[in-house]
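The values are calculated or read from the model by the stated rules, or taken from the named source; none is laboratory data. Quantities reported herein were computed from a predicted structural model and do not represent experimental measurements. Every residue, glycine among them, receives a Cβ derived from its backbone with ideal geometry; neighbour counts consider all protein chains shown.
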Amino acid sequence: MGATLKEVEVLIVGQGLAGSLLAYFLEKAGLSFHVIDNDGQHSASRKAAGLINPVTGRNFVKTWKADALLPFARQTYRDLESMLGARFYHERTIYRALASIKEENDWLARAGEAGYEAYMGPCHQGMELAPGRLSPTPAYGETLKSAQLMVADFLDYFQNYLLGKFQLSKNKFHYSNLQLSESTLEYAGIRAKTLFFCEGYGLKSNPWFDYLPMRGDKGEALIVDFPGLDFEQIVKQNKTFIAPASSGKHWVGATYAWNFEHDEPTEAAKQQLFEELGAFYPAEKRVVEHWAAIRPTVKDRRPLIGPHPEHPQLWVFNGLGTKGASLAPFWAHHLVEVLQKKAILDAEVDIQRFALLAPHKS
Ligand SMILES: Cc1cc2nc3c(=O)[nH]c(=O)nc-3n(C[C@H](O)[C@H](O)[C@H](O)COP(=O)(O)OP(=O)(O)OC[C@H]3O[C@@H](n4cnc5c(N)ncnc54)[C@H](O)[C@@H]3O)c2cc1C
């Protein structure tokens with residue numbers, strides 16, 4: 001007699017932010033699922049600072065769909081905290097260093113524009129956030145409604161939750177072992193109706209979705225010990241953030257490189273980060289860890305969601321780029337609504353926009 005098949009509605013490959021949030025909303029919708037993850041200790045999610053920053057860039061522009069995404073993310077992470085009995089979502093102010101009177105004026109002008117009042121607070125004149133440690137800067141702009149998800153902590157709690165319910169296997173998914181039939185699929189003793197690929201940059205090796213234009217941006221970050229620094233908020237100067245890390249140390253990063261040869265940390269990036277940090281934090285510090293991972297970025301900076309053009313039971317949920325913590329809850333929820341036929345897939349994220357790149361039917 002053959003081994004019994006486990007039957008679920010949905011099979012998920014990948015337990016980063018995308019796979020985890022998708023699993024969470026499937027559970028809320030009462031749909032059965034199983035997750036396969038190769039214990040991605042080097043995944044982008046596990047190296048991220050988890051910052052949720054509503055206003056970004058040199059021109060202080062609101063991030064895409066901030067008004068919808070951010071409150072939704074907040075509520076979702078709060079609900080997850082209740083469900084898992086843990087804390088990993090923290091409302092934290094991002095203090096953005098403004099290097100000149102012009103920058104300060106630009107900040108204040110933008111803060112006065114309609115739709116920006118909720119996200120941009122006052123400038124703090126000459127405020128020293130960490131007296132005697134951070135170099136004084138002309139001003140700091142106070143970002144409102146910013147937050148930090150301690151991503152690795154959340155993933156660990158959620159992983160244990162799934163393991164406890166036998167809904168997660170810690171294995172590599174081998175594409176060649178997937179058996180597809182008309183309306184169903186089978187993999188390693190599991191039969192499902194739909195499979196969602198949430199492999200982050202691993203999408204590059206996916207034989208069904210490797211046609212999608214994922215660029216990939218390597219990011220490196222340092223975990224730094226600042227002896228005596230007791231500061232729970234976030235500081236940004238130029239392109240570098242200092243944010244709390246769950247170890248009691250601080251996360252400092254990150255670099256951006258779209259041209260890279262491997263996903264390992266490099267000495268050049270470490271030097272760059274240490275120099276940038278030294279320019280605004282001259283006090284004592286010690287690098288204790290150095291991380292690198294590849295962000296799943298897409299050329300039009302929008303998520304990649306949708307079914308395979310020839311195999312409707314295979315879906316992708318990816319392309320969260322540099323903003324997985326803000327994007328994952330809203331789009332995972334939307335995806336589950338689409339699966340339940342309660343919503344139509346939003347054209348802005350639908351991979352149909354890259355249909356011309358798909359291999360032709362044989
Ligand atoms: C240095 C750095 C800093 C960042 N900072 C922030 C930030 O402050 N805020 C923010 O919102 N975002 C940030 N990001 C981006 C964020 O990390 C990503 O948007 C997000 O984590 C992507 O999540 P994902 O689940 O799509 O992919 P991943 O996190 O890469 O997860 C994919 C998972 O799939 C698994 N997998 C892949 N292939 C297979 C296979 N064949 N079999 C089994 N499992 C497989 C992997 O092991 C992994 O667990 C940062 C990224 C980096 C690198």
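Check 51, 21 and return the single one that is surrounded by 14 or more Cβ atoms within 10 Å (Cβ to Cβ) and near the ligand (Cβ under 7 Å from one of its atoms).
51
So which residues in segment 307-338 are more than 14 Å from the ligand (Cβ to nearest atom) and more than 16 Å from residue 13 (Cβ to Cβ)?
309, 310, 312, 333, 334, 336, 337, 338
For residue 135, which of the numbered conditions (1) in a loop (DSSP other than H, G, I, E, B); (2) at pLDDT 95 or above fails to hold?
Against the list (1) in a loop (DSSP other than H, G, I, E, B); (2) at pLDDT 95 or above, residue 135 comes up short only on (2).
Suppose we keep only residues that are in contact with a helix residue (DSSP H, G or I) (Cβ under 8 Å, 6 or more places away or on another chain) and within 21 Å of residue 333 (Cβ to Cβ) within segment 33-43. Which one would you say is farthest from the ligand (Cβ to nearest atom)?
The extreme case among them is 33.
I'd like to check which helices (runs of 4 or more DSSP H) are fully inside segment 1-106 and have at least 2 residues that are touching a Cys at 6+ places or on another chain (Cβ under 6 Å).
Helices (runs of 4 or more DSSP H) meeting the threshold: 17-28.
Is at least one residue of segment 282-291 farther than 16 Å from residue 18 by Cβ, more than 14 Å from the ligand (Cβ to nearest atom), surrounded by 17 or more Cβ atoms within 10 Å (Cβ to Cβ) and modelled with pLDDT under 95?
Looking for residues that are farther than 16 Å from residue 18 by Cβ, more than 14 Å from the ligand (Cβ to nearest atom), surrounded by 17 or more Cβ atoms within 10 Å (Cβ to Cβ) and modelled with pLDDT under 95, one finds at least one in segment 282-291, hence yes.
Among the residues of segment 66-98, what is the count of those that are touching a Phe, Trp or Tyr at 6+ places or on another chain (Cβ under 7 Å) and hydroxyl-bearing (Ser, Thr, Tyr)?
Residues in segment 66-98 being touching a Phe, Trp or Tyr at 6+ places or on another chain (Cβ under 7 Å) and hydroxyl-bearing (Ser, Thr, Tyr): 3 in total.
May I ask you to list the residues in segment 204-261 that are among the aliphatic types (A, V, I, L, M) and under 21 Å from residue 53 (Cα atoms)?
221, 222, 223, 234, 235, 242, 243, 245, 252, 254, 257
Can you name the residue in segment 321-362 that is in a helix (DSSP H, G or I) and charged (D, E, K, R) and is also nearest to residue 297 (Cα to Cα) among such residues?
Among residues in segment 321-362 that are in a helix (DSSP H, G or I) and charged (D, E, K, R), the one nearest to residue 297 (Cα to Cα) is 353.
Before we move on, is residue 277 crowded, with 21+ Cβ neighbours inside 10 Å and modelled with pLDDT under 95?
yes
Only one of (1) on the phi < 0 side of the Ramachandran plot; (2) away from the ligand (no atom under 13 Å from the Cβ) is not met by residue 265, so which one is it?
(2)
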